[in-house]
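Below is one structure. I have some questions about it.
The values are calculated or read from the model by the stated rules, or taken from the named source; none is laboratory data. What you see is a predicted model; the values in this text were computed from it and never measured. Positions of Cβ are backbone-derived with ideal geometry, glycine not excepted, and every protein chain shown enters the neighbour counts.
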Amino acid sequence: MTTLLTVQERDSETDQLRHRRDSLPQRVALAEQQAHVARVDTELAALGDRIAELQRTQKRLEDEVATIEAKGEAESKKLYSGTVTSPRELQAMQEEIDGLTRRQRALEDELLDVLEALEPLTEEADGLEARRDELAAEADRIAAELAESEREIDAHLAEVEADRARLAADVAPDLLVTYQKLRDHLGGVGVARLEGTQCTGCHLSLPATELDAVRRADPSAVLFHEECGRILVR
């Protein structure tokens, strides 16, 4: 029976180690840090969409300016080539060139507005990227620290579980099954020691009649506390 008590001690230690592993402060810190990174990623994605839209507008305007500029140069070359001599045609060509020039200036003004709008957004994106790198680096540091703490606990856990297996091999199989069922239903404690008149599992004192029966029982008998149902070790 004392061996079963030691098995209980190892099981309780295992429960504590697993709870400690699940409750490592680095785990919470890592989740919070990853949430910070995710928020910055969301901001960057939204900012990236705005920048991409402006860049598409920039490309369209640049293409239009280049097309109009090329057309204007072609018209100017034709105007001064001497191949056209009709005053009316020359006037029409000049008006066409003037119209292209006005359109080009208007597009260049639009392009300047787009470039002016892009500049602060690009700077903001650069700042967010730098911030994300910092947050991600901190998340990596916490993750490494968490992994190291987990390795330490896992190593200790393996030792405790191995010792528990060694001890459990000396306990009668049917008693071990009963103990495990009680442990599952009684908050992890399936066996308790009787200290004086008190059960150390539920911390209640045994009535005189039950206490007398326990003391008179055969030393090899498996005893149970009537109040809490746990295996009782004298």
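The rows are residues; the columns are (1) under 19 Å from Val28 (Cβ atoms); (2) of a type in the set (Lys, Arg).
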{"site": "Asp133", "(1), (2)": "no, no"}
{"site": "Ala144", "(1), (2)": "yes, no"}
{"site": "Leu157", "(1), (2)": "no, no"}
{"site": "Arg164", "(1), (2)": "no, yes"}
{"site": "Leu167", "(1), (2)": "no, no"}
{"site": "Pro173", "(1), (2)": "no, no"}
{"site": "Leu176", "(1), (2)": "no, no"}
{"site": "Arg183", "(1), (2)": "no, yes"}
{"site": "Gly190", "(1), (2)": "no, no"}
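Of the residues Asp113, Asp126, Asp98, Asp109, which single one is modelled with pLDDT under 95 and either out of contact with any helix residue (DSSP H, G or I) (no Cβ under 8 Å at 6 or more places or on another chain) or among the hydroxyl-bearing types (Ser, Thr, Tyr) (or both)? Can you show your working first?
On the way: Asp113 fails: modelled with pLDDT under 95; Asp126 fails: modelled with pLDDT under 95; Asp109 fails: modelled with pLDDT under 95.
So the residue among Asp113, Asp126, Asp98, Asp109 that is modelled with pLDDT under 95 and either out of contact with any helix residue (DSSP H, G or I) (no Cβ under 8 Å at 6 or more places or on another chain) or among the hydroxyl-bearing types (Ser, Thr, Tyr) (or both) is Asp98.
Something else now. Based on what the data block shows, is Ala38 among the small types (Gly, Ala, Ser) and surrounded by fewer than 16 Cβ atoms within 10 Å (Cβ to Cβ)?
On the way: among the small types (Gly, Ala, Ser): yes; surrounded by fewer than 16 Cβ atoms within 10 Å (Cβ to Cβ): yes.
The answer is yes for Ala38.
Checking Gly229 against (1) at negative phi; (2) under 47 Å from the mean Cα position of the chain (by Cα), which single condition isn't satisfied?
(1)
Turning to a different aspect of this structure: Starting from segment 9-24, keep only residues that are over 17 Å from Glu150 (Cβ atoms), then list their pairs with residues that are among the basic types (Lys, Arg) whose Cβ atoms are within a distance under 8 Å, requiring at least 6 positions of separation or different chains.
Filtered contacts from segment 9-24: Arg10/Arg164; Asp11/Arg164; Asp11/Arg183.
Taking segment 156-203, which residues are on the phi > 0 side of the Ramachandran plot and over 41 Å from the mean Cα position of the chain (by Cα)? Before you say what the answer is, go through the steps one by one.
Taking segment 156-203 first, the residues on the phi > 0 side of the Ramachandran plot are 187-188, 196, 203.
Matches in segment 156-203: Gly196, His203.
Here's another thing I want to ask about it. I need a count of the residues in segment 207-221 that are part of a loop (DSSP other than H, G, I, E, B) and either of a type in the set (Gly, Ala, Ser) or in contact (Cβ under 8 Å) with a residue 60 or more places away in the chain (or both). Walk me through it before giving the result.
From segment 207-221, those part of a loop (DSSP other than H, G, I, E, B) are 207, 217-221; that's our starting set.
Next cut, either of a type in the set (Gly, Ala, Ser) or in contact (Cβ under 8 Å) with a residue 60 or more places away in the chain (or both) only: 217, 220-221.
Residues flagged as part of a loop (DSSP other than H, G, I, E, B) and either of a type in the set (Gly, Ala, Ser) or in contact (Cβ under 8 Å) with a residue 60 or more places away in the chain (or both) within segment 207-221 amount to 3.
Any residue in segment 33-61 that's in the same structural domain as Gln104 (by TED's automatic domain parsing): show its pairings with residues that are basic (Lys, Arg) and part of a helix (DSSP H, G or I) at Cβ separation under 7 Å, as long as the two are six or more apart or on different chains.
Val37/Arg132; Val40/Arg131; Val40/Arg132; Asp41/Arg132; Leu44/Arg132
Further question on the same structure: Of all residues in segment 1-59, which are closer than 30 Å to Ala221 by Cβ, in contact with a helix residue (DSSP H, G or I) (Cβ under 8 Å, 6 or more places away or on another chain) and either of a type in the set (Ser, Thr, Tyr) or in a loop (DSSP other than H, G, I, E, B) (or both)? Steps first, answer last, please.
So the first thing to find is which residues in segment 1-59 are closer than 30 Å to Ala221 by Cβ, and the list is 1-15.
This time we only want the ones that are in contact with a helix residue (DSSP H, G or I) (Cβ under 8 Å, 6 or more places away or on another chain), so: 3-4, 6-8, 10-11, 13-14.
Correct list: Thr3, Thr6, Thr14.
Step by step: first the residues of segment 162-206, then only those that are of a type in the set (Asp, Glu) and part of a helix (DSSP H, G or I), then the one that is surrounded by the most Cβ atoms within 10 Å (Cβ to Cβ). Which residue is that? Talk me through it step by step, then tell me what you get.
So in segment 162-206, the residues of a type in the set (Asp, Glu) come out as 163, 170, 174, 184, 195.
So of that shortlist, the ones also part of a helix (DSSP H, G or I) come out as 163, 174, 184.
Numbers: Asp163: 15, Asp174: 9, Asp184: 10.
Filtering segment 162-206 for residues that are of a type in the set (Asp, Glu) and part of a helix (DSSP H, G or I), the one surrounded by the most Cβ atoms within 10 Å (Cβ to Cβ) comes out as Asp163.
Another one. Any residue in segment 122-136 that is of a type in the set (Gly, Ala, Ser), surrounded by 13 or more Cβ atoms within 10 Å (Cβ to Cβ) and either under 30 Å from Leu17 (Cβ atoms) or without any contact (Cβ under 8 Å) to a residue 60 or more places away in the chain (or both)? Spell out the reasoning first.
From segment 122-136, those of a type in the set (Gly, Ala, Ser) are 125, 127, 130, 136; that's our starting set.
Remaining after also requiring surrounded by 13 or more Cβ atoms within 10 Å (Cβ to Cβ): 125, 136.
Going one step further and asking which of them are either under 30 Å from Leu17 (Cβ atoms) or without any contact (Cβ under 8 Å) to a residue 60 or more places away in the chain (or both), we end up with none.
Checked against the condition, which is being of a type in the set (Gly, Ala, Ser), surrounded by 13 or more Cβ atoms within 10 Å (Cβ to Cβ) and either under 30 Å from Leu17 (Cβ atoms) or without any contact (Cβ under 8 Å) to a residue 60 or more places away in the chain (or both), segment 122-136 yields no hits at all.
Also: For segment 72-111, give me the residue count where each residue is closer than 20 Å to Leu61 by Cβ and free of Cβ contacts under 8 Å to residues at least 40 places away in the same chain. Walk me through it before giving the result.
Looking only at segment 72-111, we keep the residues that are closer than 20 Å to Leu61 by Cβ, and these are 72-73, 99-111.
If we keep only those that are free of Cβ contacts under 8 Å to residues at least 40 places away in the same chain as well, we get 72-73, 99-106, 109.
The total comes to 11.
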